[in-house]
1. From the phi angles alone, apply the Karplus equation (6.51, -1.76, 1.60; θ = phi - 60°) to the range 93-103 and give each ³J(HN,Hα) in whole Hz, x where the residue is Gly or Pro.
2. Determine which residues of the range 41-70 fall in the zone a paramagnetic label at Ser86 would reach in this model, i.e. backbone nitrogen under 13 Å from the point 7 Å along Cα→Cβ.
3. Could you give the nm distance between label points at Ser10 and Ser66, where each point is 7 Å from its Cα heading toward the beta carbon?
4. For Lys151, which lysines qualify as cross-link partners when the Cα separation must be under 20 Å and same-chain residues fewer than eight apart are set aside?
5. Distance from the Cα centre of the range 1-40 to that of the range 82-125, in angstrom?
6. Under 16 Å Cα-Cα from Lys38, which aspartates and glutamates qualify once same-chain neighbours fewer than 8 residues away are excluded?
7. What ³J(HN,Hα) values, in whole Hz, does the Karplus curve 6.51 cos²θ - 1.76 cosθ + 1.60 give for the range 61-75 when θ = phi - 60°, with x put for Gly and Pro?
8. Nothing charged except the Cβ atoms of Lys and Arg (+1) and of Asp and Glu (-1): what's the magnitude of the dipole of the range 124-186 about its Cα centre? Round to the nearest 20 debye.
Amino acid sequence: MNELIAKRWSARAFSTKPVERSKLLSILEAARWAPSSKNEQPWRYIIFTKDNPVRLMEAQSVLLESNSYAKRAPILICAIARKNYSEGEKYNRLHFHDLGAANENMFLEAFNQGLIMHEMGGFDIQRAIEIFKIPDDFEVGVMIAIGHQDKHSVLPERFREKAYSPRERRSLSEIAFVGDNGKHLE
Ligand SMILES: Cc1cc2nc3c(=O)[nH]c(=O)nc-3n(C[C@H](O)[C@H](O)[C@H](O)COP(=O)(O)O)c2cc1C
């Protein structure tokens with residue numbers, strides 16, 4: 001398996017050290033090149049950095065307590081997707097699918113740049129819509145934290161166990177089937 005895929009994980013021990021602009025641009029460039037239905041590229045990213053500490057604090061304020069570890073991250077991003085295709089304004093049922101693909105590209109590039117990243121569904125969506133002024137034709141996806149890895153000791157006790165636990169996955173036989181007869185892949 002590709003080394004980056006194996007290396008990527010949802011780390012939580014963010015350092016407060018700022019991230020170089022070139023690295024952030026490289027991560028966003030990776031999102032840009034993701035595949036999408038009809039090449040719609042429905043993803044949009046609203047970025048908050050230490051360059052504007054007030055806005056960064058506002059972005060931190062949407063996170064649930066369970067994601068408070070991400071408040072140390074020097075970059076928070078709100079990832080949203082346009083619900084309709086631009087051509088004809090028909091509903092694009094794949095808008096979230098494509099947002100996920102772009103986010104994963106970012107994830108891999110973040111690790112390629114020696115950084116860590118964490119996607120979060122746990123935040124106050126209504127508050128995000130208001131604070132970030134998300135237009136009606138967009139759906140809010142995830143909040144993303146990006147930064148340098150710090151020592152696990154910076155994490156409050158309740159997050160440490162998760163930081164050390166091995167990553168787990170369903171077996172291949174649970175997720176892959178041959179043809180249409182439900183036979184497990186051998
Ligand atoms: C769409 C999405 C939403 C997630 N939301 C949260 C979240 O709110 N809080 C959290 O701690 N982790 C969140 N995660 C991280 C997952 O728990 C993590 O990806 C999963 O446990 C697999 O671990 P790994 O990414 O380290 O392989 C989210 C991941 C995804 C893809």
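1. 3J(HN,Hα) across the range 93-103, in whole Hz: 5, 9, 4, 6, 4, 6, 4, x, 5, 5, 5.
2. 41-44
3. Result for the modelled spin labels: 0.9 nm.
4. Reachable lysines: Lys7, Lys17, Lys71, Lys162.
5. Their Cα centres are 11 Å away from one another.
6. Glu87, Glu89, Asp98
7. Once θ is set to phi - 60°, the couplings for the range 61-75 become 5, 7, 6, 6, 4, 5, 10, 5, 4, 6, 5, 7, 5, x, 10 Hz.
8. Here the range 124-186 has a charge dipole of around 400 debye.
Bear in mind that the values in this text are calculations on the coordinates, not laboratory data. Nothing here was measured: the structure is a model prediction, and the numbers come from that model. Cβ sites come from the backbone with ideal geometry, for glycine too, and all protein chains shown count toward neighbours.
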